[in-house]
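Chemist: After the structure tokens below, expect a handful of questions from me.
The values are calculated or read from the model by the stated rules, or taken from the named source; none is laboratory data. Only a predicted model underlies this, so the values are computations on that prediction, with no experimental measurement involved. Cβ placement follows ideal geometry from the backbone for every residue including glycine, while neighbour counts extend to all protein chains displayed. Please note that ligands, DNA and RNA were not included when accessible areas were found on the heavy atoms of the full protein model with its side chains. Shrake-Rupley method; radii C 1.70, N 1.55, O 1.52, S 1.80 Å.
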Amino acid sequence: MWVNGTQIEAEENKSVLNAVLAAGIYIPHLCSHPDLFPQGGCKLCVVEVDGSQEPVTSCTTLAKDGMKVVTKTENLDRLRRTSMELMLAGHPHDCTGCRSYGSCELQAMMQYLSVVANPGMREIHKSTTKLNTNNPLMDREMERCIQCGRCVRVCEDVRGVHIYDYQKKGDETYIGTKGDLSLAASDCRFCGACVEVCPTGALQDKDGVFRKDVTREKALVPCTLECPAHINVPDYLRMISEGKYSEAVAIIREKVPFPHSLGYICTHFCEKGCKHKGLNTPISICALKRFAVEHDENDLWKEKSFHLASSGKKVAVIGGGPAGLTAAYYLAKKGHDVTILERNPVAGGMMAVGIPSYRLPRADLQKEVDVITDAGVKIQYNTEVQDVHKVKQEYDAVLVSVGTSAGSVIPLPGYNPAQCITALELLRAVSLGEETPLVGPGKAVTVLGGGNVAFDAVRVSLRLGATVNQACLEARENMLADKEEIEQAIEEGAIINPGKNNLCFVTDDSGKITGLKIEDVKSFRFDQGRLVVDAVPGTERVIPTDTIIFATGQKTKLTAEFGLELNKFGYPVYNQPNHSTSQDGIFVAGDVVTGTRAVINAIAGGREAAAEMDQYLGGDGNIEEHLVDVPKDQADIGKIEGFANLPRVESQLLPCEQRKCSFDKVDLSFSEEDAKAEANRCLKCPLRNQITPTKMWTAYTNR
């Protein structure tokens, strides 16, 4: 076909508009979109075609062999400007106050056609601009709607939901929901497709829904973005909803070697990013991960898992926690000979000797450690490394991943070490079956701290028969522990004392601690590292206690004799953002450099270190795996009645009376029906990335 005297080739059954745009020649358009059935409503795409007496809309006209098309004439410009002026008659004249300013297709079209609002035209006043504009996740500024119909078509034809349509109120036609209901009441799926195709600022994501410090493609899938290991959460939720549990596990294992353990104890950053919390509650992503593992009957992930031939290189990993085990696993798969030097009699770090077994059953953890040793990793237990350089003499590369295995103590006035213990010491002793003389029946225990480690100590002490108080500076709503940990501890009998300042230990004449004096806190802050507390006068009281457990921070056990340069806090100095140190061939990863963080953070650090070490050893540094092929998600998601208000399905718990006096597993997971129902609450966020982006006129070579 010929366009403006230039010959181009077009695909059969393509519209003139799409054929010409594909050839790099611009035709103005607004209501048209590459993914939507054309309707020719905006009249901006008019062209002249040989044989037609009047201009035709190019989006609704099929290209034909030998067709001659003209896209730009004085008459066409006049028709387009008239159409634009009609649209602008009902549109706000202020562009700079709109959040779509700078990315608005209507604004770009005004620039292209040199059109401004015609002061001589009667301005159209809309009476529907305030209809149902208060919705979760999305803002509807209906005064900016130009009735292009893109939202109607994408909702009906692409998503199969069909909540938008052309409505009438008096003499005014507008786009809205049936009965002018809110989006939630209309059974909207909140997939965001309408926002994606809207050419103006009429439909927008609410401020704060998506991060703006990353690429838009990543920001649109916040669960995967917020996961430190960037697991493809939506795809594995979809597999669970379809009953394809082996496929779900394979997707998870593409990024982490501990899917089962994480399903018990992950701090679920993914859920903090989940868009569904803007409707009611986030998807129970963490528990679904565990459900998938427990229903994986064929280990599909093993079929495509790589394992390269021997590289002839030897690697030592000092510390067999989640970071060290993860790095060792991927390095072994890359063909390196890997040995873990572990000071404990078991592998897993804090997963094995910190997190209590009622939260993470040891048999389930051991199965995942076995996968790592089956990959060729050797583990030397009860091996304490004093000098990293002696290790380096025997290996081509060394990873230091010893974690933060020492607890911190606050020596308040009256401190008596004979009655004090750190949470880590208690948890390690219980995990390894050792005696705990300070914690047991008849003991009054006070745990200092408000994080997960503190509540692990609280709940373990309860199970050992003690009565337990907990105290921390943070107010209840600001405590760092997971909400469910706090609630379960209270249910099991713990007394929590949030928003309290610890003044001193009360002692008797022999120096024995008999209590902890506390006071209420209005606020607190740190000024140049020094704690400044604004206390409430007259609120002092004493908590009777026999034993103090400190859960007030953790640190490394490293000293200068270990052979690495340490900063003033005792952490190794390394070449951030990489994991190498100033010592050739010695790398660091996990809590030993980041400070105490979540298991998933340590796993992510172990992956990064493994990739860097593989490159150092002569490999390509690529540890990525594709373990399963899953079909692309269907764009047609359909309507689900009451979708916005579907309640979160919670895991079943062991009854309190049974769990508080034993170390039996607390979380009993989902039924299959509940798991599928919970997975089906997903908003299908990645589908927005499947919508073809529109291009402004400036992107075309011939315009």
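Chemist: In this structure, is residue 506 surrounded by fewer than 19 Cβ atoms within 10 Å (Cβ to Cβ), of a type in the set (A, V, I, L, M, F, W, C) and touching a residue at least 60 places away in the same chain (Cβ under 8 Å)?
Modeler: yes
Chemist: Report every pair of residues separated by at least 6 positions or lying on different chains whose Cβ atoms are under 9 Å apart, first residue within the range 421-449 and over 22 Å from residue 410 (Cβ atoms) and touching a residue at least 40 places away in the same chain (Cβ under 8 Å), second among the hydroxyl-bearing types (Ser, Thr, Tyr) and surrounded by fewer than 23 Cβ atoms within 10 Å (Cβ to Cβ).
Modeler: So the pair list comes out as 430/357; 430/436; 431/357.
Chemist: Can you tell me how many residues within the range 578-597 are within 28 Å of residue 355 (Cβ to Cβ), out of contact with any His (no Cβ under 9 Å at 6 or more places or on another chain) and open to solvent by 20 Å² or more (accessible area, probe 1.4 Å)?
Modeler: Of the residues in the range 578-597, 4 are within 28 Å of residue 355 (Cβ to Cβ), out of contact with any His (no Cβ under 9 Å at 6 or more places or on another chain) and open to solvent by 20 Å² or more (accessible area, probe 1.4 Å).
Chemist: Taking the stated definitions as given, is residue 411 at pLDDT below 95 and open to solvent by 30 Å² or more (accessible area, probe 1.4 Å)?
Modeler: Judged against the criteria, residue 411 is a match.
Chemist: Can you tell me which residue is most open to solvent (accessible area, probe 1.4 Å) among those in the range 57-101 that are in contact with a Pro (Cβ under 8 Å, 6 or more places away or on another chain) and without any contact (Cβ under 8 Å) to a residue 60 or more places away in the chain?
Modeler: 60
Chemist: Picking from 159, 189, which residue would you name as being closer than 30 Å to residue 259 by Cβ, touching a Lys or Arg at 6+ places or on another chain (Cβ under 9 Å) and basic (Lys, Arg)?
Modeler: None of the other options fit; the residue is 189.
Chemist: Could you grab me the full set of residues in the range 450-480 that are touching a residue at least 40 places away in the same chain (Cβ under 8 Å) and in a strand (DSSP E or B)?
Modeler: Those that are touching a residue at least 40 places away in the same chain (Cβ under 8 Å) and in a strand (DSSP E or B): 469, 471.
Chemist: If only one of 615, 652, 554, 658 is in contact with a Leu (Cβ under 8 Å, 6 or more places away or on another chain) and open to solvent by 60 Å² or more (accessible area, probe 1.4 Å), which one is it?
Modeler: Details: 615 fails: in contact with a Leu (Cβ under 8 Å, 6 or more places away or on another chain); 554 fails: open to solvent by 60 Å² or more (accessible area, probe 1.4 Å); 658 fails: in contact with a Leu (Cβ under 8 Å, 6 or more places away or on another chain).
Going through 615, 652, 554, 658 in turn, just one is in contact with a Leu (Cβ under 8 Å, 6 or more places away or on another chain) and open to solvent by 60 Å² or more (accessible area, probe 1.4 Å): 652.
Chemist: Within the range 212-243, take every residue that is assigned to a loop (DSSP other than H, G, I, E, B), within 23 Å of residue 196 (Cα to Cα) and of a type outside the set (Asp, Glu) and give me the one that is modelled with the lowest pLDDT.
Modeler: 212
Chemist: Give 662, 669 a once-over and let me know the one that is in contact (Cβ under 8 Å) with a residue 60 or more places away in the chain, under 30 Å from residue 441 (Cβ atoms) and touching a helix residue (DSSP H, G or I) at 6+ places or on another chain (Cβ under 9 Å).
Modeler: Exactly one of 662, 669 is in contact (Cβ under 8 Å) with a residue 60 or more places away in the chain, under 30 Å from residue 441 (Cβ atoms) and touching a helix residue (DSSP H, G or I) at 6+ places or on another chain (Cβ under 9 Å), namely 662.
Chemist: Please list, ordered by residue number, the helices (runs of 4 or more DSSP H) wholly in the range 105-208 having 2 or more residues that are aliphatic (A, V, I, L, M). It would help to see each step written out before you state the result.
Modeler: On the way: elements: 105-113, 150-153, 193-197.
Fully inside the range 105-208 and qualifying: 105-113, 193-197.
Chemist: When the range 677-696 is examined, which residues are found to be open to solvent by less than 70 Å² (accessible area, probe 1.4 Å), modelled with pLDDT of 95 or more and either part of a helix (DSSP H, G or I) or over 19 Å from residue 234 (Cα atoms) (or both)?
Modeler: Answer for the range 677-696, where residues must be open to solvent by less than 70 Å² (accessible area, probe 1.4 Å), modelled with pLDDT of 95 or more and either part of a helix (DSSP H, G or I) or over 19 Å from residue 234 (Cα atoms) (or both): 677, 678, 679, 685, 686, 687, 688, 689, 692.
Chemist: Among the residues of the range 435-451, is there at least one that is within 20 Å of residue 518 (Cα to Cα), out of contact with any Pro (no Cβ under 8 Å at 6 or more places or on another chain) and open to solvent by 30 Å² or more (accessible area, probe 1.4 Å)?
Modeler: Looking for residues that are within 20 Å of residue 518 (Cα to Cα), out of contact with any Pro (no Cβ under 8 Å at 6 or more places or on another chain) and open to solvent by 30 Å² or more (accessible area, probe 1.4 Å), one finds at least one in the range 435-451, hence yes.
Chemist: Working carefully through the options 333, 302, 367, find the one that is over 25 Å from residue 430 (Cβ atoms) and open to solvent by 30 Å² or more (accessible area, probe 1.4 Å).
Modeler: Going through 333, 302, 367 in turn, the sole match is 302.
Chemist: Related question: Which one of these is part of a loop (DSSP other than H, G, I, E, B), modelled with pLDDT of 95 or more, of a type in the set (S, T, N, Q) and out of contact with any Gly (no Cβ under 7 Å at 6 or more places or on another chain): 539, 514?
Modeler: 539
Chemist: Just to be sure, is residue 507 closer than 30 Å to residue 328 by Cα and either touching a Pro at 6+ places or on another chain (Cβ under 8 Å) or among the β-branched types (Val, Ile, Thr) (or both)? Steps first, please.
Modeler: On the way: closer than 30 Å to residue 328 by Cα: no; either touching a Pro at 6+ places or on another chain (Cβ under 8 Å) or among the β-branched types (Val, Ile, Thr) (or both): yes.
Answer is no for this residue.
Chemist: If you check every pair at least six apart or on different chains, which have Cβ atoms under 7 Å apart with a residue in the range 144-162 that is closer than 23 Å to residue 99 by Cβ first and a residue that is among the acidic types (Asp, Glu) and surrounded by fewer than 22 Cβ atoms within 10 Å (Cβ to Cβ) second?
Modeler: Between residues of the range 144-162 that are closer than 23 Å to residue 99 by Cβ and residues that are among the acidic types (Asp, Glu) and surrounded by fewer than 22 Cβ atoms within 10 Å (Cβ to Cβ), the close pairs are 152/165.
Chemist: From the list 455, 524, 505, exactly one residue is under 24 Å from residue 658 (Cβ atoms) and aromatic (Phe, Trp, Tyr). Which is it? Let's see the steps before the verdict.
Modeler: Working: 524 fails: under 24 Å from residue 658 (Cβ atoms); 505 fails: under 24 Å from residue 658 (Cβ atoms).
Checking each option against the conditions leaves just 455.
Chemist: Same structure again: Taking into account only those residues within the range 273-292 that are open to solvent by 30 Å² or more (accessible area, probe 1.4 Å) and not in a loop (DSSP other than H, G, I, E, B), which is farthest from residue 368 (Cα to Cα)?
Modeler: 278
Chemist: Output the qualifying pairs, or none if there are none: Cβ atoms under 8 angstrom, residues six or more apart or on different chains, first residue in the range 1-20 and in contact (Cβ under 8 Å) with a residue 40 or more places away in the chain and closer than 21 Å to residue 76 by Cβ, second residue open to solvent by 60 Å² or more (accessible area, probe 1.4 Å) and of a type in the set (Val, Ile, Thr).
Modeler: 15/60
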